[in-house]
Amino acid sequence: MAEYKLELTTGDMQYAGTLDHIFVTLFGNEGQSERTELNNFGIDFTAGKTGTYTIKTKSSLGKLLLVKVEKDPYFVFPEDEWYCSKMVVTTPEGDVILFPCYRWISRGELVELRGGRAMKVFEEEHPLLADHRKKELTLRKSLYQWKIMSEGLLHVSSFKMSELPAEIRLSKSKTDETHYEKMKTGIELKLKGLLGSTERWKSIEDMKKIFWFKKTTMSEYVTEHWKDDDFYGYQFLNGINPNVIKRCSELPPNFPVTEEMVKQFLEKGSSLQKEMEKGNIFLYDQTKMDGIPPRTNNGEPLHVTAGLCLFYLNPENKLMPIAIQLHQQPSEQNPIFLPSDTETDWLLAKMYIKNADYMDHEAVHHLMRTHLVAEACAVATFRNLPVIHPLYKLLISHFRYTIFINSAAREKLLGPDGPLSISSLGYEGLMELMRRSLSEMTYSSLCLPENIAARGLESIPNFYYRDDGLKLWNITASFVKSVVEYYYPSDSEVGKDTELQDWINEIFTRCILGNTASGFPSCFNTVEEVIRFVTMVIFTVTAQHAAVNNGQFDYGWMPNNSLLLLKPPPTTKGQSSMKTILETLPNIGDTVKIQAMEWMLSTNYTDKVPMGAYPEERFHEPALKQMIKDFQAELSYLSEEITARNLQLEVPYTYLNPTQIENSITI
Ligand code: FE2
C-alpha cells in the first residue's frame, strides 16, 4: 500500500469555492490511482483554504506525471465554478511536487495538471507527457484564434467579450467594481445635467466643476498651470506621452523658423544655431497625421493638424515651446506661432499640437504599442507554449485580464459613439493613424534604452520617465536574464525549442505583420535574443503601460488635453479671443464622456497585482523562487528611491514607482 498526500488550495477571490464533488486521479510512469473523491469532514473547497487529502494506491505509481481533476455536480444545483489555485503532492518516496492550476474549472472540463520543474519540448522523455503536451496545444489553438481587427493592423484575439473562456475573464469582484464605478460616475454626471448635454461651456472655470469628488493632486495642478509654457514642455517629458520629442540639430526644410523669430526666447547673446549645436533644441514633428481624413460633425469635416513644435531647453533647465507651425507645408495661411503672439493665439496653437498628440497617445502609444502588442504576445503564448513551458510560467501573469480589457476597449471605447470614436479623427481616422504607425514601428523603439538614444534624450535634465524607466528596464532585464539562462544554458537549447520558435514566429507574423524592416525577430538564434525580447514584453506590459495609462485623468482635463476640437485651426494671427477657445472646445456632453473614460482608465481597482508580485506560485524550483524574491527586492529599493526623489519635486513623477505599476495590462 502506498499513500499520496494532497494539499489542495482554493483561490481566495470572491465565489472561488464550490460545493461540487471533486475527483482526482494520479498518473505515474508505473500506473495510475483510482478516481478518488476528495471529501473531508465538513465543507471542502472554500475560498482561500487549503485542504489535505490522502489517496491510497496498491503500490507506488513511480514518477508522478499528471494529476487529473474532475468536478461533478452537487445534487441538482446549477453550475458552481471552482477556482483551483494549486495542488502540492507528497509522494510515498517523500518527494514534494507542485502542480500549479490557477484557473476556474467548470463541470465536465478536462483538467490535467503538470507538476514539477518547467520542461521544454525536447526534454520530454515519457510518451504520455509528450502526447499530453501536443494535445494541450491542439486544444488551445482551437480555442484561442486570431482575428483581423482591421487590414494593416496587429491581429487580435477572436473572442467577443461575452465569449471569453473562464481562464481569461475578469474576476467577479473586478467586474462588480467597474460596473459600480461606471454607474456612480454616470449618475453624478446625469444629476448635474452634464451627460448628453449639447450646450457649450460658458467659461473655463465651469470645466473645473465637472466632478464633485474625482480629483487628484495632479489634476488640480493641471487646472492651475495648463497655460504655462514651462508646464507645457514638462508634459512632453513627464506627462502621459513622453514618447514623441527628439533632439533637433537641424530644422526640417518645411519649418522655416528664423533667428529673428525666436532670438528673444533664447539666452541673451545666443542663437538658434548655437543652441542646436549645444543640443538644447528639441522637435515634435507630427507629420504622420498629415492627410488623415477627420471625422465629420453635423455634416462638416472636423480639423486635425499635423504640426511642428520647437522646444528650447533654457538655462533654468526648463523645456519651453518657442515656435509652432500647425501644418506641414509653410504658407501665408500657415503662420509660425510664437510665445510673443497674443495669449489666445499661442494657446490655440499649443492646443492643436496637444489635440493631435492626445489622439496619437491614445491610439498609438497607449492602445497599439502597449495593449495590442501585449494581446498579440498573450494569444501567441496561449497557442504555442504549454503550461509546463518555462516562458509560459514566466509570462502568463503578465497577460492577466489583457485579452478581456482589449475586447472591452474595442466594443466600448472604439464602438460607435465611444469616447475614442468621438475624437476629431473618429474611428476610421484613428485606425489609419495606427496603420501608419505600425508600418513604422521598430523593435528598437519598444526597447527603452535604444528609444531614448535614438531620440537624443540621454542627457536632457528632469526627464523622470527616462530615469525611472531605464532603471526598471535594467532591473527587469537582469531578472529575465537569470530566468532565461537557467532554462537555456546555451544557444543550442534555444534553437532546439520548437515551441519557442513557433511562439516568436507567430508574434512576428501577427504583431508586426511579418515586416522585416521593423527589426523584430522572426526566430531566436541566441539566449541573448530571448532575454531581450522577453524583457521588452515585460517592460511594455508593466512600466510602459503605466507611464502612458495612469496619468490619463491627471492630465486629461479638457483645455489641457482634448481629443476633440471643433473649430478650424487659426490661419492668421490676432483674430482669436477666449471666446474662440471656448467655441473650439467640445460641448459639455462630449467633454464629460471623455473625462469619465479617463477616470475609469486611471482609477485604482482593488484586485490590482503590482509589478513583480507573482501571487501565483507557478515555479516548482527553489532557484526560481529566489530569482523572484531578488527581483521584488530590487523593485522595492527603486520604489524607495523614487519616493525620496519625489519629495524634492514640485510635481512628483509617480507613474513609474513600482508600487504604482501593475504586473499586466488590466485597464
Ligand atoms: Fe490602458
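The values are calculated or read from the model by the stated rules, or taken from the named source; none is laboratory data. Just so we're clear, the structure is a prediction, and the values are computed from it rather than from any experiment. Here Cβ is always computed from backbone atoms with ideal geometry, including for glycine, and neighbour counts include all displayed protein chains.
Computed quantities for the displayed model
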read-out: Flag if LEU413 is in contact with a Pro (Cβ under 7 Å, 6 or more places away or on another chain) and within 16 Å of the ligand (Cβ to nearest atom); value: yes
read-out: Matching residues, the range 619-667, being within 16 Å of the ligand (Cβ to nearest atom) and at pLDDT below 95; value: THR666, ILE667
read-out: Near pairs, Cβ below 6 angstrom, 6+ apart or cross-chain, from the range 533-545 (within 12 Å of LEU448 (Cβ to Cβ)) to any residue that is of a type in the set (Asp, Glu) and crowded, with 24+ Cβ neighbours inside 10 Å; value: none
read-out: Selected residue (criterion: farthest from the ligand (Cβ to nearest atom)) from residues of the range 583-608 that are within 25 Å of LYS214 (Cα to Cα) and surrounded by fewer than 18 Cβ atoms within 10 Å (Cβ to Cβ); value: ASN587
read-out: Filter result for THR402 (under 11 Å from the mean Cα position of the chain (by Cα), crowded, with 22+ Cβ neighbours inside 10 Å and of a type in the set (Ser, Thr, Tyr)); value: yes
read-out: Conditions (1) modelled with pLDDT under 95; (2) touching a Pro at 6+ places or on another chain (Cβ under 9 Å); (3) surrounded by 13 or more Cβ atoms within 10 Å (Cβ to Cβ); (4) among the charged types (D, E, K, R): number failed by GLU79; value: (3)
read-out: From VAL494, VAL484, VAL480, residue being away from the ligand (no atom under 16 Å from the Cβ), closer than 23 Å to ALA378 by Cα, more than 18 Å from the chain's Cα centre (by Cα) and without any contact (Cβ under 8 Å) to a residue 40 or more places away in the chain; value: VAL494
read-out: Search result, residues across the range 99-112 that are more than 19 Å from LYS56 (Cα to Cα) and among the hydrophobic types (A, V, I, L, M, F, W, C); value: CYS101, TRP104, ILE105, LEU110, VAL111
read-out: Flag for PHE539 being at negative phi, within 16 Å of the ligand (Cβ to nearest atom) and crowded, with 17+ Cβ neighbours inside 10 Å; value: yes
read-out: Any hit, the range 278-295, residues being buried (at least 17 other Cβ atoms within 10 Å of the Cβ), free of Cβ contacts under 8 Å to residues at least 40 places away in the same chain and farther than 29 Å from LEU433 by Cβ; value: yes
read-out: Residue match in the range 449-464 (condition: within 16 Å of the ligand (Cβ to nearest atom) and modelled with pLDDT of 95 or more); value: no
read-out: Matching entry among PHE399, PHE404 (being modelled with pLDDT under 95, among the aromatic types (Phe, Trp, Tyr) and either in the same structural domain as PHE520 (by TED's automatic domain parsing) or within 22 Å of ILE422 (Cα to Cα) (or both)); value: PHE404
read-out: Count of residues meeting criterion [polar (S, T, N, Q), part of a loop (DSSP other than H, G, I, E, B) and exposed (fewer than 13 other Cβ atoms within 10 Å of the Cβ)] in the range 250-276; value: 1
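Yes/no matrix, rows are residues, columns are (1) more than 12 Å from the ligand (Cβ to nearest atom); (2) touching a strand residue (DSSP E or B) at 6+ places or on another chain (Cβ under 8 Å); (3) of a type outside the set (Gly, Ala, Ser):
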| site | (1), (2), (3) |
| --- | --- |
| ARG369 | no, no, yes |
| ARG383 | yes, no, yes |
| HIS398 | yes, no, yes |
| ALA409 | no, no, no |
| GLY418 | yes, no, no |
